[in-house]
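Reading through the structure tokens given below for one structure.
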Amino acid sequence: MAELQEVQITEEKPLLPGQMPEAAKEAELAAQILLDQGQIHCVETPYGSVTFTVYGTPKPKRPAILTYHDVGLNYKSCFQPLFQFGDMQEIIQNFVRVHVDAPGMEEGAPVFPLGYQYPSLDQLADMIPCVLQYLNFSTVIGVGVGAGAYILSRYALNHPDTVEGLVLINIDPNAKGWMDWAAHKLTGLTSSIPEMILGHLFSQEELSGNSELIQKYRNIITHAPNLDNIELYWNSYNNRRDLNFERGGDITLKCPVMLVVGDQAPHEDAVVECNSKLDPTQTSFLKMADSGGQPQLTQPGKLTEAFKYFLQGMGYMASSCMTRLSRSRTASLTSAASIDGNRSRSRTLSQSSESGTLSSGPPGHTMEVSC
């Protein structure tokens, strides 16, 4: 029998503790890039297909942040400046995000055929359960702007157990009255669809100033390849039904709500009225100075601070560092509680970049935080 020889085999490049093979590294990097870029999905619903983009991975015992954009925009043009803001990264690391595009508003969307019946805002709200079922998500925190704020509110009324909180920017919960219809028809005789939508998104002062931001969004809307689709979404918004909020009534939002509007924004009066109809113990009202019609575009830093504190109030991100706004807000609540006991009240957070002072009204009145 031939003598067996001992052969010693050594690795050419032994792995150090914790070191990955190159193939595994590349796979992990590719997966991270995919998460950073977002995963695009499309699902069929009873009212047509809807496209949405998911960022991050689900976190145990935490809701998803679900956004819905306004007319004339898609999720990127409406929310990217906010969610790409530096201080927002602490938030998005703790939550998976779902950005819903209204049908026909996603990038590269084909133009709907002539005579296509676009869903009503109520039907757009009824598409959201299909999205959550597809993703197997049980609860969300909604962030909506304009038409998107209305859609998320309608969804929350229909499915209160699945909504943990709402951030509603520029919401108008009322149907258009006869005077509104007359004004809309007269405007339509002299203005193009893009100009009417710009007047919905931005204040007259902003449009007259024609800043770089206004020029950018005027160009986006005017030259949108899916402008016909945008007009359909616009028509659905103008045909919305009244949400019929009633303070102390059966029709109200059951979850914590933060209402946001810019100073002198087109929808300032509507948001103020909405605040008067919601439960004051569940509702915070943030009126932002120097932010125009789209606070998430013009003041992402201030809105991020408010959003972080809103999440902390819901019991999330308790270990997060408190920002200047939330420190001032806490001081306001502490001061008011010492005066007012446990009385419930409407809460208003009013921001100003020029002052760092805190003013507190008489007991039972609206509180203001300057920041």
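For Ser291, the amide hydrogen comes within under 5 Å of the amide hydrogens of Asp263, counting only partners 5 or more places away or on other chains and with H modelled in the peptide plane. When each of the peptides 111-117, 47-53, 139-145 is scored by how many other beta carbons lie within 10 Å of its residues on average, the order from highest to lowest is 139-145, 47-53, 111-117. Considering only Leu114, Ile193, Ile128, the residue lying farthest towards the positive end of the dipole of the stretch 33-314 is Ile128, judged by Cα position with unit charges set on Cβ. For Lys59, the residues 5 or more places off, or on other chains, whose built amide H falls under 5 Å of its own are Val96. Amide H to amide H, with H built 1.01 Å from N, Gly146 comes under 5 Å of Ile169, Asn170, Ile171, counting only residues 5 or more places away or on other chains. Working note: Debye formula, equal point scatterers on the alpha-carbon atoms of the stretch 205-324, no solvent; log10 I(q)/I(0) at q = 0.09, 0.15, 0.21 Å⁻¹ is -0.36, -0.93, -1.25. The Cα atoms of the stretch 33-314 cover 53, 40, 38 Å along the three principal axes, with the biggest extent listed first. Separation of the alpha carbons by more than 20 angstrom is noted, of Lys61/Lys308; Lys59/Lys287; Lys277/Lys308; Lys287/Lys308; Lys176/Lys302, for Lys59/Lys287; Lys277/Lys308; Lys176/Lys302.
Taking all protein chains into account, the per residue accessible area for the stretch 33-314 stands at 42 Å² (1.4 Å probe).
Computed on the stretch 33-314, with alpha-carbon pairs under 8 angstrom and 6+ residues apart, the relative contact order is 20 percent. Measuring between their Cα centroids, the stretch 60-107 and the stretch 207-226 lie 21 Å from each other.
Here the accessible area of the stretch 33-314 is 51 percent carbon and sulfur, with a 1.4 angstrom probe and all protein chains present. The residues packed around Thr67, meaning those with a beta-carbon under 15 Å from its beta-carbon, carry a net charge of -2 if Lys and Arg are +1 and Asp and Glu are -1.
Across the stretch 44-127, the convex hull enclosing all Cα atoms gives 114 Å³ per residue.
The values are calculated or read from the model by the stated rules, or taken from the named source; none is laboratory data. Keep in mind that what you see is a predicted model, and the values were worked out from it rather than measured. So basically every Cβ, Gly included, is an ideal-geometry build from the backbone, and we count neighbours across all protein chains shown. Ligands, DNA and RNA are stripped out before the accessible areas are found, and what is left, the full protein with its side chains, is counted by its heavy atoms. Shrake-Rupley method; radii C 1.70, N 1.55, O 1.52, S 1.80 Å.
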